[in-house]
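Have a look at the structure below, then the notes.
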Amino acid sequence: MLDLGRLRALHAVSVHGSVVAAASALGYTPSAVSQQITKLERETRTTLLERRGRGVVLTDEARHLAATAEQLFAIVERAETTLEERRGQPTGQLVVAAFASSARGLLPPVLAELALLHPTLDVRLREIDPHLSSDLVARGLIDLAVTHDWDIARLPTPDGVEQAVIGDDLCDLLVPDGHPLAARAVVRRADLRGLRWICQPPGTVCHDWLVRTLRAAGCEPELAHQAEENHTQIALIAAGLGVAMVPRLGRGPLPPGVRALALDPVPSRRLYALWRAGAARRPAVTATVAALRRHWPDVAAVAS
């Protein structure tokens, strides 16, 4: 019998492209993933990974095995869903992906409540960008994802994935004290020309949204600094190095030297919960989605 844990390690490498990335997604060490695949190679008497430069590539046999493993995981998920549904209680392990500011601003009280109300449910959090998390849900590597899109940059949902709206998160323009716009009560998009921007790196949802928003307003943005974390962006603003559009969720109190200005129209991003259609009846999924939606009004009020 092939070991499902070892198949999951191989499948993760096939999806993420490297042992290190697979380990991060699974919550293991790279050494543990390598050991799992080595044992799988012994079980199957087949070479599954080949060295190429500094990385590895899957052999043809490994790609076939990884595709078959994905089908097996879907069967196992249906069996687990049926058993959990018959028990009527959220149980087992649930892997949840969330983007950085939701992992910081929304997930802690949700996870704490789930642990209190459902002690047999083991929820594991992974911080993953929305560009990646929806595909990981579709492929079965993540059970549920908290993701978002922007008002003019919608995020497509893969086939076989269902969603529920959690809520809308508003965004402000953050500027350093003494900036020419700092005295404004409201800033319009026509006022955003000629600014030096601090933003997330290319390829992220927020970077793409910022560029599209400014270009739609007739501004070709000067992207002076790039940083993934909102708190790093805010530190750069406090140093007088530029401005940024930063959502309110997970932002926390602003440090001295940084001012939040209202924008007209107000940019907003919508938060969603995503899960595979095959797991829609699983009590662990329904309980987690309900907790996310229940906590959102309080979280949004604090963020505002």
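The values are calculated or read from the model by the stated rules, or taken from the named source; none is laboratory data. From a predicted model like this one, the values you see are computed outputs, not experimental measurements. All Cβ positions, glycine included, derive from the backbone under ideal geometry; neighbour counts span all protein chains shown. Surface areas here come from the heavy atoms of the whole protein model, side chains and all, with no ligands, DNA or RNA. Shrake-Rupley method; radii C 1.70, N 1.55, O 1.52, S 1.80 Å.
Within the range 216-273, can you find the residues that are among the charged types (D, E, K, R) and assigned to a strand (DSSP E or B)? Step through it out loud before you land on a result.
Filtering the range 216-273 down to residues among the charged types (D, E, K, R) leaves 220, 222, 228-229, 248, 251, 259, 264, 269-270.
Passing the criteria: Glu222, Arg259, Asp264, Arg269, Arg270.
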| task | Specify which of the listed residues (Asp172, Asp122) is closer than 21 Å to Ile234 by Cβ and among the acidic types (Asp, Glu). | result | Asp172
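Quick test for you: out of Ala69, Ala103, pick the one residue that is modelled with pLDDT of 85 or more, closer than 25 Å to Arg293 by Cβ and among the hydrophobic types (A, V, I, L, M, F, W, C). Walk me through it before giving the result.
Working: Ala69 fails: closer than 25 Å to Arg293 by Cβ.
Of Ala69, Ala103, the one residue that is modelled with pLDDT of 85 or more, closer than 25 Å to Arg293 by Cβ and among the hydrophobic types (A, V, I, L, M, F, W, C) is Ala103.
Tell me yes or no: at least one residue of the range 234-246 is of a type outside the set (Gly, Ala, Ser) and more than 14 Å from Pro176 (Cα to Cα). Steps first, answer last, please.
Quick first cut of the range 234-246, residues of a type outside the set (Gly, Ala, Ser) only: 234, 236-237, 241, 243, 245-246.
If we keep only those that are more than 14 Å from Pro176 (Cα to Cα) too, we end up with none.
No: the range 234-246 contains no residue that is of a type outside the set (Gly, Ala, Ser) and more than 14 Å from Pro176 (Cα to Cα).
From the set of residues in the range 183-195 that are exposed (fewer than 15 other Cβ atoms within 10 Å of the Cβ) and closer than 18 Å to Gly257 by Cα, which is modelled with the lowest pLDDT? Write out each step before concluding.
Restricting attention to the range 183-195, the residues satisfying the condition of being exposed (fewer than 15 other Cβ atoms within 10 Å of the Cβ) are 183, 185-186, 188, 190, 193-194.
Now restrict to residues that are closer than 18 Å to Gly257 by Cα: 183, 185.
Values: Ala183: 90, Ala185: 85.
That would be Ala185.
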| In the range 263-304, what count of residues is obtained for those that are among the aliphatic types (A, V, I, L, M), at pLDDT below 95 and either loosely packed, with under 14 Cβ neighbours inside 10 Å or out of contact with any helix residue (DSSP H, G or I) (no Cβ under 9 Å at 6 or more places or on another chain) (or both)? | 6
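Do you know which residues across the range 241-251 are of a type outside the set (Lys, Arg) and touching a Gly at 6+ places or on another chain (Cβ under 8 Å)? Walk me through how you get there before you give the answer.
Filtering the range 241-251 for residues of a type outside the set (Lys, Arg) gives 241-247, 249-250.
If the condition is that a residue be of a type outside the set (Lys, Arg) and touching a Gly at 6+ places or on another chain (Cβ under 8 Å), then Leu249, Gly250 are the ones that fit.
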| remark: Sole miss for Leu116 among (1) open to solvent by 70 Å² or more (accessible area, probe 1.4 Å); (2) among the hydrophobic types (A, V, I, L, M, F, W, C); (3) touching a residue at least 24 places away in the same chain (Cβ under 8 Å) is condition (3)
| message | For a quick check of your reading of the model, give me the residue pairs whose first member lies in the range 18-47 and is surrounded by 15 or more Cβ atoms within 10 Å (Cβ to Cβ), whose second is in a helix (DSSP H, G or I) and basic (Lys, Arg), with beta-carbon atoms closer than 9 Å and at least 6 apart or on different chains. | response | Leu26/Arg8; Gln36/Arg6; Gln36/Arg8; Ile37/Arg6; Leu40/Arg6
| task | Name the residue, out of Val243, Val205, that is modelled with pLDDT under 95, among the β-branched types (Val, Ile, Thr) and open to solvent by less than 60 Å² (accessible area, probe 1.4 Å). | result | Val205
| field | Candidates Ala67, Ala103, Ala62 - the one that is out of contact with any strand residue (DSSP E or B) (no Cβ under 7 Å at 6 or more places or on another chain) and hydrophobic (A, V, I, L, M, F, W, C) | value | Ala67
| note | Residue hits (the range 29-88; under 30 Å from Thr120 (Cβ atoms) and acidic (Asp, Glu)) are Glu70, Glu77, Glu80, Glu84, Glu85
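Answer yes or no: is there a residue in the range 132-154 that is under 20 Å from Ala280 (Cα atoms), assigned to a loop (DSSP other than H, G, I, E, B), open to solvent by 40 Å² or more (accessible area, probe 1.4 Å) and among the small types (Gly, Ala, Ser). Spell out the reasoning first.
Of all residues in the range 132-154, those under 20 Å from Ala280 (Cα atoms) come to 133-148.
Still in the list and also assigned to a loop (DSSP other than H, G, I, E, B): 140-143.
Still in the running and open to solvent by 40 Å² or more (accessible area, probe 1.4 Å): none.
Checking the range 132-154: not a single residue is under 20 Å from Ala280 (Cα atoms), assigned to a loop (DSSP other than H, G, I, E, B), open to solvent by 40 Å² or more (accessible area, probe 1.4 Å) and among the small types (Gly, Ala, Ser).
Give the residues of the range 104-126 that are assigned to a strand (DSSP E or B) and within 15 Å of Ala284 (Cβ to Cβ), sorted by residue number. Show your work before the answer.
Narrowing the range 104-126 to residues assigned to a strand (DSSP E or B): 121-126.
Listed by number, the residues that qualify are Leu121, Asp122, Val123, Arg124, Leu125.
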| message | Quick test of your reading of the structure: Ser14 fulfils all but one of (1) surrounded by 14 or more Cβ atoms within 10 Å (Cβ to Cβ); (2) of a type in the set (Ser, Thr, Tyr); (3) modelled with pLDDT of 90 or more. Name the failing condition by number. | response | (3)
| Given the residues Asp129, Asp169, Asp143, Asp151, which is the only one that is farther than 29 Å from Thr213 by Cα, in contact with a Ser or Thr (Cβ under 9 Å, 6 or more places away or on another chain) and of a type in the set (Asp, Glu)? | Asp143
| Some residue of the range 91-107 being of a type in the set (Ser, Thr, Tyr), in contact with a Gly (Cβ under 8 Å, 6 or more places away or on another chain), buried (at least 18 other Cβ atoms within 10 Å of the Cβ) and within 30 Å of Gly252 (Cα to Cα) | yes
